[in-house]
Amino acid sequence: ADAGRVGTARHAAGDAAAGLPDPSLEAPSLTLAPGAAYEVRFAWVPSETCPTTGGPTGGGTGGPSPDPSPSGDTTASGGNSAAGGGEAGPTAQLVTEDGPAEGSVSVTYSPEGGSGSATATVTNACVGTVYWTGLLADPGA
């Protein structure tokens with residue numbers, strides 16, 4: 001995806017990423033016990049479908065479906081966890097003889113101190129916004 005057409009925004013109540021947890025559940029800070037974990041979630045909200053490779057770069061606006069889809073937890077070193085959300089964008093693409101352009105967005109979370117980062121990739125993503133949460137206590141830990 002063109003980095004100039006991908007935005008980021010902190011999740012807020014009432015925004016387009018309705019599938020993310022309510023911001024009131026976020027912790028301003030956490031002190032983790034040994035073996036404990038936390039989560040930071042994200043959702044991809046497309047603003048357009050990927051353009052076709054053989055025609056105009058237009059593309060229509062797709063109806064966003066901002067519910068995050070877990071792609072599995074990526075455990076970072078030190079017992080920290082960053083949950084990755086999968087693509088939640090339009091399922092239909094404008095298809096011509098050449099097919100839609102392929103784009104993807106990689107989302108990397110690096111905790112304070114920089115150790116134990118985690119990355120998730122959203123496929124078929126060209127134009128949109130990545131919404132992210134603050135710290136969420138991991139209920140399974």
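Condition (residue is under 15 Å from Thr123 (Cα atoms) and at pLDDT 85 or above) applied to the range 31-43: is it met by at least one residue? For the range 31-43, residues under 15 Å from Thr123 (Cα atoms) and at pLDDT 85 or above: present. Pairing each residue of the range 105-121 that is over 19 Å from Ser29 (Cα atoms) with any residue that is hydrophobic (A, V, I, L, M, F, W, C) and open to solvent by 50 Å² or more (accessible area, probe 1.4 Å), provided the two are 6+ apart or on different chains, yields C-beta distances under 7 Å for Val105/Ala1. Inside the range 18-37, residues that are over 14 Å from Gly134 (Cα atoms) and surrounded by 12 or more Cβ atoms within 10 Å (Cβ to Cβ) make up a count of 4. Taking the criterion of being open to solvent by 40 Å² or more (accessible area, probe 1.4 Å) and of a type in the set (Phe, Trp, Tyr), the only residue of the range 115-132 that qualifies is Trp132.
The values are calculated or read from the model by the stated rules, or taken from the named source; none is laboratory data. What you are looking at is a predicted structure, and each value in this text was computed from that prediction instead of being measured. Cβ coordinates were reconstructed from backbone atoms using ideal geometry, including for glycine residues, and neighbour counts include every protein chain displayed. Areas reflect the complete protein model, heavy atoms only, side chains present, ligands, DNA and RNA absent. Shrake-Rupley method; radii C 1.70, N 1.55, O 1.52, S 1.80 Å.
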